[in-house]
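Undergrad: Let me give you the structure first, and then I'll get to my questions.
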Amino acid sequence: MGARAVLALLLGACVCFASRSRTEAAHAFALPTDRSLRRPPPAALVARTATAGSGAELKQFVRPKRRLPGHSVLAFFRSIGLMWTMFCLSAWVVPAISAGLPVVKRKDPVARKYVDRVICAWSQMTTWPFFSVKVKGRENLLPKDQAVVYVANHQSFMDILSCYHLSRSFKWVSKASILKIPVVGWAMKRTRTITLEREDRRSQMATFRQCVSTLQEGASIFIFPEGTRSPDGALLEFKKGPVSMAKRAKVPIVPVTILGTGRLMPSKKEFFLYHNRAGVEVIVHPAVSAEAVQETPDKELLLNLRNTIESALPLELQKGTVAS
């Protein structure tokens, strides 16, 4: 690595740490097309967490239409700093996972909770210098030994790092290309991330079967039902896969709303990490019980989940439309 590259990386890290310090100082698968179905869902199925913010409090998570001159330059160096931090921390992550993996494969081959704990710590230490992550509604999290389908909105690559702040063991359902990222891909393989080729029907069916099998064996999965990142933060069409998986495996569903990641690192701008004092909020909504999952029609359940997740988004991101 050349001297200029090293200097750029160090400068990026310094900018990010300085920005975080100022912040801490200031703050010691288908949907029905009939729109009439967008009625308030039954409280027993969907309940917005009482800790979700509202009004002006949520506006701080909306991506600004314009940014001040120079912000993109700083954001570029911040992203370099974050990547540098992630790869430096991998100096202990890789040995820690490698040392424990032989035992994990024998005693906990499916859930691999030890590996997940290491990844959680890695993610939390990586994000700490750059942005805060607040988890609201922790009381809605189910016991750690309960297999669950977590569903959330998807705005940014930072969603993955942020959701590890839930401190829960789960398997991601992710596009296969993420495994090609150095170190990150290696680690995700060790956690038994379930991969998917989105344009390959056979891959989709294989992924579905693997998810159901994983759930039936007692491990949780985390999936973004939109299937891709939203370009503006508003919810896209939800796919029915997560609902079908939960029904087949007879497990609960926990809806989650992620706020702020789209402002920090917008979709298609992975080399820019913007600063935002509000950081990120991960809101855990009350779970839909396994019984309710079984008894509710797929379309209704999917719509209810979508409404729950959308209810905690800023009004500017609540389009109020239903995709077909």
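Read-outs: derived from the displayed coordinates by stated rules, not from any lab. The model shown is predicted, which means the values in this text are computed figures rather than measured ones. Every residue, glycine as well, gets a Cβ built from its backbone with ideal geometry; the counts of neighbours run over all protein chains shown.
Undergrad: Per residue, what volume in Å³ does the Cα convex hull of the range 174-244 take up?
TA: Values: hull volume 7.7 nm³, N = 71.
Considering the Cα atoms of the range 174-244, their hull volume per residue is 109 Å³.
Undergrad: Taking other Cβ within 10 Å of each residue's Cβ, how do THR228, THR195 sort, fewest first? Walk me through the numbers on the way to the answer.
TA: On the way: THR228 12, THR195 19.
Placing the least packed residue first, the sequence is THR228, THR195.
Undergrad: Out of every Cα pair in the range 67-121, what percent are spaced more than 19 Å from each other?
TA: Details: 724 of 1485 pairs.
Cα-Cα pairs in the range 67-121 separated by more than 19 Å: 49 percent.
Undergrad: Could you order the peptides 293-300, 256-263, 103-110 from most to least packed, using the average number of other C-beta atoms within 10 Å per residue?
TA: 256-263, 293-300, 103-110
Undergrad: Another question about this same structure. Note the full-extension length gain between SER203 and TRP128 as 0.36 nm times their separation in residues minus their Cα-Cα distance, in nm to one decimal. Walk me through the intermediate numbers first.
TA: Numbers: separation 75, 0.36 × 75 = 27.00 nm, distance 3.58 nm.
Full-extension gain reported as 23.4 nm.
Undergrad: Can you compute the charge dipole magnitude of the range 196-281 about its Cα centre, using +1 on each Lys and Arg Cβ and -1 on each Asp and Glu Cβ, nothing else charged? Give it in debye, rounded to the nearest 20.
TA: Dipole magnitude for the range 196-281 comes out near 200 debye.
Undergrad: Report the extension gain between VAL94 and ARG117 in nm, rounded to one decimal, defined as 0.36 nm multiplied by the number of residues separating them, less their alpha carbon distance.
TA: Values: separation 23, 0.36 × 23 = 8.28 nm, distance 1.30 nm.
Gain on stretching VAL94 to ARG117: 7.0 nm.
Undergrad: State to the nearest 20 debye the size of the charge dipole of the range 124-243 about its Cα centre, where the only charges are +1 on K and R beta carbons and -1 on D and E beta carbons.
TA: Numbers: 18 positive and 10 negative charges, 55 e Å.
Charge dipole of the range 124-243: 260 debye, to the nearest 20.
Undergrad: Using Cβ counts within 10 Å as a stand-in for footprinting exposure, how do VAL183, VAL284, VAL73 rank, fewest first? Don't skip to the end; give the middle numbers.
TA: Values: VAL183 15, VAL284 24, VAL73 11.
Lowest count first: VAL73, VAL183, VAL284.
Undergrad: Put +1 on the Cβ of each Lys and Arg and -1 on the Cβ of each Asp and Glu in the range 104-159; which of GLN155, MET125, ALA111 then has its Cα farthest toward the positive end of the dipole?
TA: Farthest towards the positive end: ALA111.
Undergrad: Related question: Show log10 I(q)/I(0) for the range 48-197 at q = 0.09, 0.15, 0.19 Å⁻¹, two decimals, from a solvent-free Debye sum over equal Cα scatterers.
TA: Results for the range 48-197 at q = 0.09, 0.15, 0.19 Å⁻¹ read -0.35, -0.94, -1.37.
Undergrad: Over 22 Å between C-alpha atoms is what I'm after, so list which of LYS240/LYS269; LYS175/LYS268; LYS105/LYS171 land there. Numbers along the way, then the final one.
TA: Numbers: LYS240/LYS269 28 Å; LYS175/LYS268 15 Å; LYS105/LYS171 15 Å.
From LYS240/LYS269; LYS175/LYS268; LYS105/LYS171, over 22 Å: LYS240/LYS269.
Undergrad: Something else now. I want to check the label-to-label distance for ARG66 and SER289. Put each point 7 Å from Cα in the C-beta direction and report it in nm to one decimal.
TA: 5.4 nm
Undergrad: Subtract the Cα-Cα distance of GLN216 and GLN318 from 0.36 nm times their separation in residues, and report this length gain in nm to one decimal. Mind dumping the intermediate values first?
TA: Numbers: separation 102, 0.36 × 102 = 36.72 nm, distance 3.46 nm.
Gain on extension, GLN216 to GLN318, equals 33.3 nm.
Undergrad: Using a Förster radius of 25 Å, what is the FRET efficiency between SER244 and LYS175 based on their Cβ-Cβ separation? Nearest 0.05, please.
TA: The formula returns an efficiency of 0.85 here.
Undergrad: Find how many whole Å separate the alpha carbon centroid of the range 93-151 from the alpha carbon centroid of the range 184-202.
TA: About 17 Å separates the Cα centre of the range 184-202 from the one of the range 93-151.
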